[in-house]
1. For residues that are aromatic (Phe, Trp, Tyr) and farther than 18 Å from residue 301 by Cβ, scanning just region 219-269, find the one that is modelled with the highest pLDDT.
2. Take the residues of region 456-468 that are in a strand (DSSP E or B) and closer than 29 Å to residue 314 by Cβ: which is most open to solvent (accessible area, probe 1.4 Å)?
3. Going by the conditions given, is residue 42 surrounded by fewer than 16 Cβ atoms within 10 Å (Cβ to Cβ), free of Cβ contacts under 8 Å to residues at least 60 places away in the same chain and assigned to a helix (DSSP H, G or I)?
4. Find the residue count for region 251-280, including only residues that are assigned to a loop (DSSP other than H, G, I, E, B), at negative phi and open to solvent by 20 Å² or more (accessible area, probe 1.4 Å).
5. Counting only residues that are among the aliphatic types (A, V, I, L, M) and open to solvent by 50 Å² or more (accessible area, probe 1.4 Å), which one in region 172-182 is nearest to residue 518 (Cα to Cα)?
6. Return the pairs, sorted by first residue and then second, in which the second residue is open to solvent by 40 Å² or more (accessible area, probe 1.4 Å) and part of a loop (DSSP other than H, G, I, E, B), the first residue lies in region 222-247 and is among the polar types (S, T, N, Q), the beta carbons are less than 6 Å apart, and the residues are 6+ apart or on different chains.
7. Between 33, 80, 95, 86, which is touching a residue at least 60 places away in the same chain (Cβ under 8 Å) and surrounded by 18 or more Cβ atoms within 10 Å (Cβ to Cβ)?
8. Could you list, in sequence order, the residues of region 434-455 that are of a type in the set (S, T, N, Q) and open to solvent by 10 Å² or more (accessible area, probe 1.4 Å)?
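The values are calculated or read from the model by the stated rules, or taken from the named source; none is laboratory data. Because the structure is predicted, anything quoted here is derived from the model rather than measured. All Cβ positions, even for glycine, are placed from backbone atoms using ideal geometry, and neighbour counts span all protein chains on display. Side chains are part of the model used for accessible areas, which takes the heavy atoms of the whole protein and leaves out ligands, DNA and RNA. Shrake-Rupley method; radii C 1.70, N 1.55, O 1.52, S 1.80 Å.
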Amino acid sequence: MSTALPAKPTRIMLASFCGGALLHIDRAPLWCLGVALAAVVWHWLHSTGRLRLPPTALRLLLTLALFAGIATSFRTLSGLAAGTALLLVMGAAKLLETRTRRDAMVVAIVALVLVLAACLDRQSLLRLPLYLAAAWTALAGIAAMGGARETATALRAFGTAGRALLFALPLAALCFVLVPRVTGALWSMPGGQSQTGLSDEMSPGSISDLSISEDIAFRVRFEGAAPPMAQRYWRGPVLHDFDGYTWRRQQGQFALREVAQPLSAPLRYRVMLEPTGRNYLFGIDSIASIDGPRNFRSFDGQVSAYRPVTAATAYDGVSWVNTRYDGTLSTVGRKLDTRLPANRNLRSVAMARELRARASSDLQFSRMVLDYFRSAGFEYTLTPPLLDTNSVDDLIFNTRRGFCGHFASAYVTLMRAAGVPARVITGYLGGTWNAVGGYYAVRQSQAHAWAEIWLEGQGWVRIDPTAAVAPERLRDGAGPLLNQDGAIDALLGDAQWLRNLRDSWDAASNWWQERVVNFNRDTQLDLLRRFGLDGIDYRGMALLLAAGGILWGCALWLLNRRPPQQTRPDALGRIWMRFIDLMGRRGLAIAAHEGSRSIAARAARHLPAAAAGINSFADRYEQLRFGRVTGSERELTALRVQLRQIARATAAGRRQRTAAAVPE
């Protein structure tokens, strides 16, 4: 293990480290990736004899600097992100002192751990081939460094690693099914890009170009028939505070929760929520209960998990599509949802009070405002102009162009200006049916905002101002509106096969998340129940796992067991065996215990016509087998030529002896 590094295994080792590092190209700091790349290039130049490795003192200083850099960048050394970055730069530092096979094997093992860190970070089906390729390369690096120097070729190393992976699959499947499951993921890192997803605040006036994301927010399977599009409002964050420009969630002040009376049968469904890094749990409005991660329901009907959703999470929801509130709104709740900033959006406030003076009730006032949105030339667009600090005034009296957030903000402001309790609800609307997977896919492009107002005798009533401006939004969903602005559906056009391909891939990803990534205790027990193992406990699972492991080990031993007589000789050995066969055909009996020198001496006496060639052949064979001469392909070819010459010489002598024995 202390011999110098051969060229081909070194290249495999460097490729394995590069593969492990590239899996974190969009997660690790750029300077860490730069350090890793520089170390790979340095070691490659060293392996070609063009650069020396740095001295010990320089390597020590570099290691301390890298350690300090990680501590400074992450403010910690714990956690998956910091640990992965530290492993990345320490692996690079190890490359700068790698001179022996043992060192190279350590680097390949580091590459394998980097693959494991990437698996803990993200488990999407799209990344699975990358993980397999990187793991295969890392195992090939270990195999190459563990093999004989003369035979450690890339083909053999990758072949050994591939066989190891295939042999390990049955044991991995057995452990996957029988090892007790734990709830949740070990680590996770949420994404941080701003798209059409949801946050704790909404400032529609600051957005002039809303990006469109076709990423999945969550998938839903309904028990029975799904509600129509106009009723598929997925409730998320509720925004109460408004400073005239930005809406925010309520912080530090809470009102009494009003109890809703259901007016319809419960709607049951199962949600597979993608990682968000936030606590929101979504359900059809209004949400009765959610069974899954530990959660709580706030006074305004929003359901939140106790911990951020950092891994794909499945839960069961129950909702009532139609409800009624028989009680009255609390004083705190009324004050909270009628509050407006002073000296902001004064023209809108004046207009609202004028309309309210002409209305006989809050409901009629709401209808008058919606009629105004419907008839005053408002336009739904994803590229609205920017608004000034009095965003509602600017929208209503100047631009009149916006999307759901603009209209919900303006509507709630007008309601509050007239003394009607109102609040902004954000979430999603609709969902696209996936016939392949049998579920609805709710995408980030279907994020939506609407309003709720309090009406005496009815309670909180959902009002969607966007429906007054663009009624097709409720009838057809976001697709037609988004297509006008260049969404992916517009690119697909009428190509149904492309849509089917997208749905098939999404269904496969959903199956992967549900059946593999989210394989929890309930799913595990259900699977074992299908195999007739109903009611099995941990002890029974441990016994099955032990028995399966023993069977797997026995099968592996049988598959790799090769009797000595079935061992295939190398190229030089095959040439010698052909010489033994030739001598047997020429009438020379050879014992199994005889050595090459004894066989050659008896063959020379038995076949004097070829004695010189036989002795030369035997001498050359011994030099290649036992000497310091390398058995190159050129040497082997020369030995085969000698064997053919011996065969021709002995054949001619045999014909002469046969002719002399025939009587005249």
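1. So in region 219-269, the residues aromatic (Phe, Trp, Tyr) come out as 222, 233-234, 242, 245, 247, 254, 269.
Next, from what is left, pick out any that are farther than 18 Å from residue 301 by Cβ: 222, 242, 245.
On the way: 222: 95, 242: 92, 245: 89.
Across region 219-269, the extreme among qualifying residues is 222.
2. Just the residues of region 456-468 that are in a strand (DSSP E or B), to begin with: 459-463.
From what is left, the residues that are closer than 29 Å to residue 314 by Cβ are 460, 462.
Values: 460: 21, 462: 76 Å².
Filtering first and then ranking leaves 462.
3. Values: surrounded by fewer than 16 Cβ atoms within 10 Å (Cβ to Cβ): no; free of Cβ contacts under 8 Å to residues at least 60 places away in the same chain: yes; assigned to a helix (DSSP H, G or I): yes.
When the stated conditions are applied, residue 42 does not pass them.
4. Of region 251-280, the ones assigned to a loop (DSSP other than H, G, I, E, B) are 251-259, 263-266, 274-279.
Filter again for at negative phi, leaving 251, 253-259, 263-266, 274-276, 278-279.
Remaining after also requiring open to solvent by 20 Å² or more (accessible area, probe 1.4 Å): 251, 253-254, 256-259, 263-266, 274-276, 278-279.
The qualifying residues number 16.
5. Initial filter on region 172-182 (among the aliphatic types (A, V, I, L, M)): 172-174, 177-179, 182.
In the following step, the residues that additionally are open to solvent by 50 Å² or more (accessible area, probe 1.4 Å) were identified as 172-173, 179, 182.
Working: 172: 17, 173: 15, 179: 14, 182: 10 Å.
Looking at residues that are among the aliphatic types (A, V, I, L, M) and open to solvent by 50 Å² or more (accessible area, probe 1.4 Å), I get 182.
6. Listed pairs, sorted by first residue: none to list.
7. Details: 33 fails: touching a residue at least 60 places away in the same chain (Cβ under 8 Å); 80 fails: surrounded by 18 or more Cβ atoms within 10 Å (Cβ to Cβ); 86 fails: touching a residue at least 60 places away in the same chain (Cβ under 8 Å).
Of 33, 80, 95, 86, the one residue that is touching a residue at least 60 places away in the same chain (Cβ under 8 Å) and surrounded by 18 or more Cβ atoms within 10 Å (Cβ to Cβ) is 95.
8. Going residue by residue through region 434-455, those that are of a type in the set (S, T, N, Q) are 434, 444-446.
Result: 444, 445, 446.
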